[in-house]
Amino acid sequence: MNKIFIILFLSFYNLFFIVNSTLAEENKIKIGLLVPLSGDNAEIGKQIIKATRLALKEINSDKLEIFPRDTESDPNKTLINAIELKQLGISLVIGPVFHDNLIYLDEVKDITFLSFTNKTLELPKNVISSGINSTSQLNTIKKFINLNKIKRTIFLIPNLNYDLEIRHGIKKSKIKTSKQYFYDIEPTKLTKQIEKITNYEIRKQNLIDEITRLENSDDPNKEKKIKNLEKRYTIGNVNFDSVIIADFDESLKSVITSLLYTDVSPKDKYFITLNQWFDESLINETVSQPIYYPSINKKNLEEFEKKFFKQFDENPNHISLLSYDLLGLVYYLSLKNSVTEINKAFNAKNSFKGKIGIFDIENNRINHRLNFYKIENGSIKEIF
């Protein structure tokens, strides 16, 4: 009798253990991670892995299970690994990093990809762009323009491969601009275009004409007035109060230099640009200041950088911060939805506060509520 009881007890215990293990496995959230781990972009992928590990450590839940795979920054390899992740029963993938690696992912049904790209056009239906897109940035710029009651804004857009994204952002944000100009980034051509946009030749001629008029006048103070005019480059105003420059790095500096050359100063007109990720080289360009731009929460970024450096003894890239937040976002959605419903949660209206700022999720789209900053006198100041 005792033997029968022991056998029944052990059988029941084993069955209970198996059922519980199966249920625990079913309740786990399996997340794929498609990033470059070899080739030219391997360092980006490795930092994303580290940021994911950091996020897992802080979340401290055995509910999440990560399956990293190497894209090799190649769309074909990305597709092969995406299919493999699907075979493992994974329906949610963080990645890929680059827009070029997305082109075949519509062949992998029943998986949602949270790509790091900030491009929102020509995406497969199962890909959600999670980068800091043009709409998010222009929504923030629009808020600044409205707060300062700026009436006339022109938009300068380079003839590069992201000009369609900018046009889309302008349309989605409904930001009001008096005119949009598309310019050539080649310096000589750029300067000529900026001269035309700012009516430089007319304003320069106005100055010459006024000096000539004074020289031929009987004005008793003409010498003093002429001396003051000779310190200037032009006379007359431009037909805008602010200029939004959709450019970055040295090309952005070239546009600002051309504006300064045509006697348009950031002291008189608002110089606004897109997210510069707190580029320190802009801090040293005091002649170009003040300059304004939207970006992620600077304090949170600095906290993350300290934490990352303490853990891994290296400075993180900006994409790693996004991966850190995306894992937190997935975990947040898992608390509100069943494992099988997490993908559908991206269709519903949700908001999530991450290190970058607030994520607004709706209709399989992610927009970010950004902060707004001013660089002036060699320092960065948060406006809102």
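Express as a percent, rounded to the nearest 5, the fraction of DSSP beta bridges in the chain (both residues included) that run antiparallel. Kindly include the intermediate steps, with their values, before the conclusion.
Working: 18 of 49 bridges.
Of the beta bridges lying entirely in the chain, close to 35 percent run antiparallel.
Pairs K125/K336; K109/K142; K179/K349; K50/K298; K253/K381: which exceed 28 Å Cα-Cα? Could you put the intermediate results ahead of the total?
Values: K125/K336 24 Å; K109/K142 37 Å; K179/K349 34 Å; K50/K298 21 Å; K253/K381 20 Å.
Too far apart for the 28 Å limit: K109/K142; K179/K349.
Using the Cα centre of region 282-335 as origin and beta-carbon charges of +1 (Lys, Arg) and -1 (Asp, Glu), tell me which of G328, L282, N317 is placed farthest towards the positive end of the dipole.
Of the listed residues, the answer is G328.
Give the peptides 298-310, 120-132, 59-71 in descending order of average Cβ contacts within 10 Å, highest first.
120-132, 59-71, 298-310
Once you put a point 7 Å from the Cα of K344 and another 7 Å from the Cα of N364, both along the Cβ direction, what distance in nm separates them?
1.5
For the chain, what is the calculated [θ] at 222 nm in deg cm²/dmol (nearest 500), taking -39500 (n - 2.57) for each run of four or more DSSP H residues and dividing by its residue count?
Details: 12 runs with 169 residues, N = 384.
When only DSSP H runs of four or more count, the value is -14000 deg cm²/dmol.
Return the distance in nm (one decimal) between the two label points of a simple spin-label model at L260 and I283, each offset 7 Å from Cα along Cα→Cβ.
So the label points at L260 and I283 sit 1.9 nm apart.
Write out the trypsin sites (Lys or Arg not before Pro) in region 153-203 meeting two conditions: DSSP loop, and at most 13 other Cβ atoms within 10 Å of their Cβ.
Details: sites: R167, K171, K172, K174, K176, K179, K189, K192, K196, R203; in loops: K174, K176.
Within region 153-203, the qualifying trypsin sites (Lys or Arg not before Pro) (loop, at most 13 other Cβ atoms within 10 Å) are K174, K176.
Distance from a point 7 Å along Cα→Cβ of D219 to each backbone N in region 237-281: keep the residues under 18 Å and list them by number.
237
How large is the dipole of region 194-298 about the Cα centre if only Lys and Arg carry +1 and Asp and Glu carry -1, each at its Cβ, rounded to the nearest 20 debye?
Values: 14 positive and 18 negative charges, 58 e Å.
Dipole of region 194-298, to the nearest 20 debye: 280 debye.
So which residue, out of F372, F278, F312, gets the largest mean-square fluctuation from a GNM of the chain using Cα contacts under 10 Å as springs?
F312
Using the Cα centre as the reference, give the magnitude of the dipole from point charges on the C-beta atoms of the chain (Lys, Arg: +1; Asp, Glu: -1; all else neutral), rounded to the nearest 20 debye. Write out the running numbers ahead of the final one.
Numbers: 54 positive and 49 negative charges, 300 e Å.
Dipole about the Cα centre, nearest 20: 1440 debye.
How about region 224-275: which trypsin sites (Lys or Arg not before Pro) there lie in a loop by DSSP and see at most 10 other Cβ atoms within 10 Å? Mind showing how you got there, number by number?
On the way: sites: K224, K225, K227, K231, R232, K253, K267, K269; in loops: K231, R232, K267, K269.
Those that pass, being in a loop and sparsely packed, are K231, K267.
Classify region 286-384: rounded, prolate or oblate, from the alpha-carbon gyration tensor (a ≥ b ≥ c, eigenvalue square roots; a/c under 1.5 rounded; otherwise prolate if a/b is larger than b/c)? Working shown, then result.
Details: a/c = 3.55, a/b = 1.66, b/c = 2.14.
In terms of gyration-tensor shape, oblate.
Against the globular-protein guess of 2.2 N^0.38 Å, express the Cα radius of gyration of region 191-291 as a ratio, rounded to two decimals. Before the final figure, lay out the partial values.
On the way: Rg = 16.6 Å, N = 101, 2.2 N^0.38 = 12.7 Å.
This ratio for region 191-291 stands at 1.30.
For a Förster distance of 45 Å, can you work out the FRET efficiency between the beta-carbons of Y181 and S351, rounded to the nearest 0.05?
Working: r = 35 Å, r/R0 = 0.79.
The calculated FRET efficiency here is 0.80.
If the only charges are +1 at each Lys and Arg Cβ and -1 at each Asp and Glu Cβ, what is the size of the charge dipole of region 120-233 around the Cα centre, to the nearest 20 debye? Don't jump to the answer; show the numbers that get you there.
Working: 24 positive and 14 negative charges, 149 e Å.
Its charge dipole is roughly 720 debye.
Using Cα centres only, tell me the gap between region 364-384 and region 108-140 in whole Å.
Comparing the Cα centres of region 364-384 and region 108-140, I get a distance of 21 Å.
Taking the alpha-carbon centroid of each part, what is the distance from region 153-171 to region 292-317 in angstrom?
28
For T212 paired with D40, estimate the spin-label separation in nm (one decimal), with each label point 7 Å from Cα along the Cα-to-Cβ line.
Result for the modelled spin labels: 5.5 nm.
No lab work stands behind these numbers, since they all come straight from the coordinates. From a predicted model like this one, the values you see are computed outputs, not experimental measurements. For neighbour counting, all protein chains shown are included, and Cβ atoms are generated from backbone atoms with ideal geometry for every residue, glycine included.
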